[in-house]
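Q: Right, I'll just put the structure down here and ask away after.
The values are calculated or read from the model by the stated rules, or taken from the named source; none is laboratory data. All values derive from a computational prediction rather than experimental measurement. Here Cβ is always computed from backbone atoms with ideal geometry, including for glycine, and neighbour counts include all displayed protein chains. Note: accessible area is taken over every heavy atom of the protein model, side chains too, but ligands, DNA and RNA are not part of it. Shrake-Rupley method; radii C 1.70, N 1.55, O 1.52, S 1.80 Å.
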Amino acid sequence: MDASAAAAARAAELRALLQHHAHRYYVLDAPQIPDADYDRLFAELQAIETRHPQLRTPDSPTQRVIGQVLAGLSAVEHAQPMLSIRTETDTTAAGAEAFDARVRRELRLGDDDLPVAYCAELKFDGLAINLRFEDGVLVQASTRGDGHRGEDVTHNVRAIGQVPLRLFGQAPPVIEIRGEAYMRRDDFERLNARQRESGARTFINPRNTAAGAIRQLDSAGMADKRLSFFAYGLGAVQGWAQQPQTHSATLDAIAAFGVPVCAERAVVHGAAGLVAFHRRIGAARDALPFDIDGVVYKVDSIELQQRLGFVTREPRWAVAHKYPAQEQTTRLEAVEVQVGRTGKLTPVARLLPVFVGGTTVSNATLHNLFELRRKGVRVGDEVIVRRAGDVIPEVVGRIPAARAHYVRNFRMPGACPVCGSAVLRERGSVEHRCSGGLFCPAQRKQALLHFAGRRAMDIEGLGEKLVDQLVDAELVRGLPDLYALDVAGLAALERMGDKSAANLVAMLHRSRATTLPRFLYALGIRHVGEATARELARHFGRVQRVMDASVEALQQVPDVGPVAAQSIRSFFAQPHNREVVEQLRAAGVHWEEGEGVIDGVIGGATAEALPLAGRTLVLTGTLPNLARDDAKALIEAAGGKVAGSVSNKTYAVIAGEEAGSKLDKARQLGITVLDEEGLRALLAGPPPPPPPTP
Ligand code: IVH
């Protein structure tokens with residue numbers, strides 16, 4: 001097969017594919033592929049037809065707008081065809097630059113001519129609607145259909161609160177206002193939350209939901225779906241005395257008539273203006289309350305628009321400039337179960353890696369068993385993955401297709417995949433939990449991270465990666481093991497230098513001095529947040545009294561309800577947890593106890609408790625393993641100060657190789673001189689004090 005025969009075959013294949021998918025999308029409102037895939041196929045066909053114009057057939061989807069009138073809704077002949085616009089799929093700045101260059105070429109503008117003024121708008125992701133007003137009154141609303149004939153959806157559009165039934169001010173005898181009916185994300189989430197509550201199927205995305213509602217024969221379907229509308233242009237107009245001469249002024253006039261126009265629009269100049277708008281909106285995209293899939297640029301001057309004219313189905317004066325798609329289709333390879341902070345089991349989809357929302361995604365959450373069941377996804381299915389902004393990627397649904405009959409539905413494991421403990425689900429809850437508590441390494445890691453947190457024991461440097469290593473290497477089995485860590489043991493870990501090991505040991509040491517509220521919070525008792533921990537400390541004054549308190553006694557504490565009281569009681573009823581408290585005290589973790597002391601010490605380790613608090617040290621010469629700045633940082637982290645010269649106030653001089661006059665001065669004044677090892681011993685502090693007697 002030669003090249004042009006191959007191109008002809010591919011073009012025919014693409015036409016058939018596009019016709020099929022356009023029908024699913026436009027006519028049935030049941031797409032089988034995400035928009036991005038459709039656009040890609042469309043662009044491929046356009047490219048082939050550009051290279052081989054003889055392959056451009058009159059029935060090619062590139063030559064007309066696809067869509068049919070549904071049997072049941074009556075047809076509307078558009079007074080002016082509802083056109084589509086060309087899509088620029090190059091999502092980089094080059095997309096905008098190419099459009100500006102084309103416009104300038106068509107207008108025969110040279111380098112000396114001024115930049116072209118454009119109206120830049122958002123590309124709303126909904127359904128195009130033509131609103132016909134006669135003498136200011138809404139008489140008809142129609143969909144685009146095939147561009148020439150659409151469907152009469154007046155009954156449903158009248159149900160959209162944002163669409164006025166009568167225009168404000170002095171409206172022309174006939175004016176058709178065109179725009180997009182869409183659904184806001186929060187309205188969509190609310191709708192789905194209601195669906196979930198009633199056990200009904202959730203909707204896949206706002207666009208399909210809006211389009212589906214508007215094209216229903218019975219407007220009752222609109223009742224529970226709040227739709228919105230943004231106008232972006234005009235259709236037929238008669239007798240408008242002072243019709244604006246720019247597109248931007250037209251939008252202002254439409255807004256003045258009382259039809260919603262999106263405020264996120266701007267008149268910009270030249271390619272640079274377009275690029276800046278594309279960037280700005282791209283950065284703000286996730287914060288918008290509705291979905292967009294790009295921006296639209298239109299030559300602002302109506303006169304220039306007329307000079308530019310149309311090519312087949314598209315105006316030369318407008319283009320849609322896309323952003324990376326937030327939804328893609330891929331294959332579900334496996335469903336695995338992850339154990340989280342509180343032991344919650346989350347089914348996670350392992351996916352054939354796919355580029356979506358600007359990154360490659362190979363895992364996506366399925367939330368919980370019930371959500372997974374509702375979506376009906378099974379291993380091997382083609383699924384739609386959504387990643388919008390910083391939100392974790394999720395599987396939103398599946399593409400219906402035949403599947404092998406032996407593919408089993410997913411089941412939650414009966415035993416925790418990490419520790420093997422029983423998996424339980426509380427009555428009425430959708431969450432499955434591992435019952436292993438701190439026995440489960442997954443939960444142990446989370447417990448350690450919580451313990452080390454800034455608002456708990458505040459152990460800087462004890463992050464996720466390190467906790468993983470410590471638990472996996474079995475260096476730390478429980479909270480008290482943290483205080484047994486030493487520089488040598490830590491430094492043996494991967495990616496852990498001598499310096500960071502010393503740093504962490506210093507931080508661990510510092511954390512020993514804490515407060516009762518912080519300590520109670522750090523234990524990670526379910527339902528005991530910071531505020532509750534503070535109230536418990538204030539009320540009981542001593543940890544032993546909290547440990548021994550009955551459910552009734554606990555409920556005397558402000559902020560402690562029956563659920564928290566029960567949780568605290570169960571926690572301390574376990575001998576294991578009481579041991580943890582004892583072991584932590586034995587390791588030197590201490591705080592002030594007693595009535596009245598609590599208020600004074602809430603919120604931080606006291607500076608006095610640090611090993612070098614109030615001491616001034618002087619560094620001289622080169623230390624074998626520590627750079628000057630690092631040594632200084634370690635000393636400061638331990639509460640000490642570093643001075644530039646030796647005096648009577650100097651606590652110690654740390655001397656390395658080639659130490660100079662400072663060493664001599666120290667000897668003269670009889671000040672302690674230490675090497676690097678000596679400094680480390682200082683940083684580690686004195687041996688832990690004996691536990692205070694309760
Ligand atoms: S202007 C002749 N402006 O995208 C120009 N369209 O193919 C007609 N769309 O079906 C369209 N936001 O439903 C225009 N700000 C915007 C738009 C917009 C969304 C939709 C519209 C149309 C499709 C373009």
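Q: For a quick check of understanding: with a 1.4 angstrom probe and all protein chains in place, what accessible area in square angstrom does Leu674 have, to the nearest ten?
A: Estimated to the nearest 10 Å², Leu674 gives 40 Å².
Q: Using Stokes-Einstein with the Kirkwood hydrodynamic radius over Cα pairs, what translational diffusion coefficient do you get for the stretch 395-543 at 20 °C and a viscosity of 1.002 mPa s, in µm²/s rounded to a whole number? Write out the running numbers ahead of the final one.
A: Details: Rh = 18.2 Å.
The calculation lands on 118 µm²/s.
Q: For the stretch 466-487 and the stretch 222-284, what is the separation of their Cα centres, given in Å?
A: That distance is 60 Å.
Q: Let me ask something else. If a cysteine in the chain has no other Cys Cβ under 4.7 Å from its own Cβ, put it on the list, ordered by number.
A: Singleton cysteines: Cys119, Cys262.
Q: Quickly rank 190-199, 353-362 as a protection proxy: mean count of other C-beta atoms within 10 Å, highest first.
A: Averaged packing, sorted descending, gives the order 353-362, 190-199.
Q: What lysines sit close enough to Lys662 to cross-link, taking a C-alpha to C-alpha distance under 24 Å and skipping anything fewer than 8 places away on the same chain?
A: Partners within reach: Lys632, Lys641, Lys649.
Q: Using the Cα atoms of the stretch 610-691, I'd like the radius of gyration and the largest Cα-Cα distance, Dmax, both in angstrom.
A: Expressed in Å, the Cα Rg and Dmax of the stretch 610-691 come to 12.4, 44.
Q: Any idea how far apart Ala627 and Ala492 come out in nm if each label point goes 7 Å out from Cα toward Cβ?
A: Label-label distance for Ala627 and Ala492, simple model: 2.8 nm.
Q: At a probe radius of 1.4 Å, what is the per-residue accessible area of Asp548, in Å² to the nearest 10?
A: Probe radius 1.4 Å; accessible area of Asp548 about 90 Å².
Q: Using the alpha-carbon atoms, what tilt in degrees (0 to 90, nearest 10) does helix 441-452 show relative to the longest principal axis of the chain?
A: Result, in degrees: 70.
Q: Give the peptides 271-277, 165-171 in descending order of average Cβ contacts within 10 Å, highest first.
A: Most protected by this proxy first, the peptides run 271-277, 165-171.
Q: Quick check: the angle from helix 3-22's long axis to the longest principal axis of the chain, C-alpha only, nearest 10 degrees?
A: 80 degrees
Q: Pulled fully out, how much extra length does the chain show between Ala3 and Gln140, if you take 0.36 nm times their separation in residues and subtract their Cα-Cα distance?
A: 44.3 nm
Q: Within the chain, what percent of beta bridges assigned by DSSP are antiparallel, to the nearest 5?
A: For the chain, the DSSP antiparallel bridge percentage is about 85.
Q: In nm, to one decimal, how far is the modelled label at Arg307 from the one at Gln583, with both set 7 Å along Cα→Cβ?
A: Roughly 8.2 nm, to one decimal.
Q: Using only DSSP helix segments of four residues or longer, with each worth -39500 (n - 2.57), what per-residue ellipticity at 222 nm results for the chain after dividing by its residue count and rounding to 500?
A: -10000 deg cm²/dmol
Q: With every protein chain present, what is the per residue accessible area of the stretch 386-477 (1.4 Å probe, Å²)?
A: Values: 5290 Å² over 92 residues.
Normalised by residue count, the accessible surface of the stretch 386-477 is 58 Å².
Q: Next up: Suppose all protein chains stay in the model; what accessible area per residue would a 1.4 Å probe give for the stretch 535-596, in Å²?
A: On the way: 2950 Å² over 62 residues.
Averaged over the residues of the stretch 535-596, the accessible area is 48 Å².
Q: Let me ask something additional. Pop the C-beta distance of Ala401 and Glu106 into the FRET formula with R0 = 51 Å and round what comes out to the nearest 0.05.
A: Details: r = 44 Å, r/R0 = 0.87.
FRET efficiency, Ala401 to Glu106: 0.70.
Q: Treating only the Cβ of Lys, Arg, Asp and Glu as charged (+1, +1, -1, -1), what charge dipole size does the stretch 306-373 show about its Cα centre? Round to the nearest 20 debye.
A: 240 debye
Q: On a full-extension model of 0.36 nm per residue, what is the gain between Thr57 and Gln162, subtracting their alpha-carbon distance, rounded to one decimal in nm?
A: Extending this stretch completely gives an extra 33.7 nm.
Q: Heavy atoms of the protein only, probe of 1.4 Å, neighbouring chains included. What is the accessible area of His155 in Å², nearest 10?
A: Accessible area of His155: about 70 Å².
Q: Using a probe of 1.4 angstrom, how much of the accessible area of the stretch 81-180 is carbon and sulfur, in percent?
A: 47 percent
Q: So how far, in whole Å, is the C-alpha centre of the stretch 109-179 from the one of the stretch 343-381?
A: 39 Å
Q: Specify the inter-centroid distance of the stretch 531-595 and the stretch 76-97, based on alpha-carbon positions, in whole Å.
A: One Cα centre to the other: 65 Å.
Q: Moving on to the next point. Just how many % of Cα pairs in the stretch 134-182 lie over 18 Å apart, if you round to the nearest whole percent?
A: 31 percent
Q: Charges on Cβ only, +1 for Lys and Arg, -1 for Asp and Glu, centred on the Cα centroid of the chain; of Gln245, Ala684, Leu663, which one is farthest towards the dipole's positive end?
A: Ala684
Q: Continuing with this model, one more query. Among residues other than Leu626 whose Cβ falls under 10 Å from its Cβ, what is the net charge (Lys/Arg +1, Asp/Glu -1)?
A: The answer is 0.
Q: Next up: Roughly how many percent of the accessible protein surface of the stretch 513-599 is carbon and sulfur, given a 1.4 Å probe and a whole-percent answer?
A: That share works out to 48 percent.
Q: Follow-up. Starting from the 7 Å offset along Cα-to-Cβ, what nm value, one decimal, do you get for the label separation of Asp152 and Asp186?
A: Those two pseudo-labels are separated by 3.7 nm.
Q: Could you give P(r) for the chain, binned at 20 Å from zero, as whole percent values over all Cα-Cα pairs?
A: P(r) over the chain, rounded to whole percents: 14, 33, 27, 22, 4, 0.
Q: Classify the stretch 319-389: rounded, prolate or oblate, from the alpha-carbon gyration tensor (a ≥ b ≥ c, eigenvalue square roots; a/c under 1.5 rounded; otherwise prolate if a/b is larger than b/c)?
A: Prolate.
Q: Over the stretch 101-229, average the accessible area per residue using a 1.4 Å probe and give it in Å², no decimals.
A: It amounts to 45 Å² per residue over the stretch 101-229.
Q: Assuming 0.36 nm per residue, please report the length gained on full extension of the stretch Gln245 to Lys344 beyond their Cα-Cα distance.
A: 29.6 nm
Q: Tally up the carbon and sulfur contribution to the accessible surface of the stretch 353-467 as a whole percent, 1.4 Å probe, everything protein left in place.
A: Exposed carbon and sulfur together represent 52 percent of the surface.
Q: With unit charges on the beta carbon (Lys/Arg positive, Asp/Glu negative), name the residue among Tyr118, His576, Ala171 whose Cα is farthest towards the positive pole of the charge dipole of the chain.
A: Checked the options; the winner is His576.
Q: Further question: Below 8 Å between Cα atoms, with a sequence gap of 6+, how large is the relative contact order for the chain in percent?
A: Here the relative contact order equals 9 percent.
Q: Evaluate E = 1/(1 + (r/R0)^6) for Gln566 and Ala415, where r is the Cβ-Cβ distance and R0 equals 25 Å; express this FRET efficiency to the nearest 0.05. Spell out each step's value before the answer.
A: Working: r = 26 Å, r/R0 = 1.03.
In this case the efficiency is close to 0.45.
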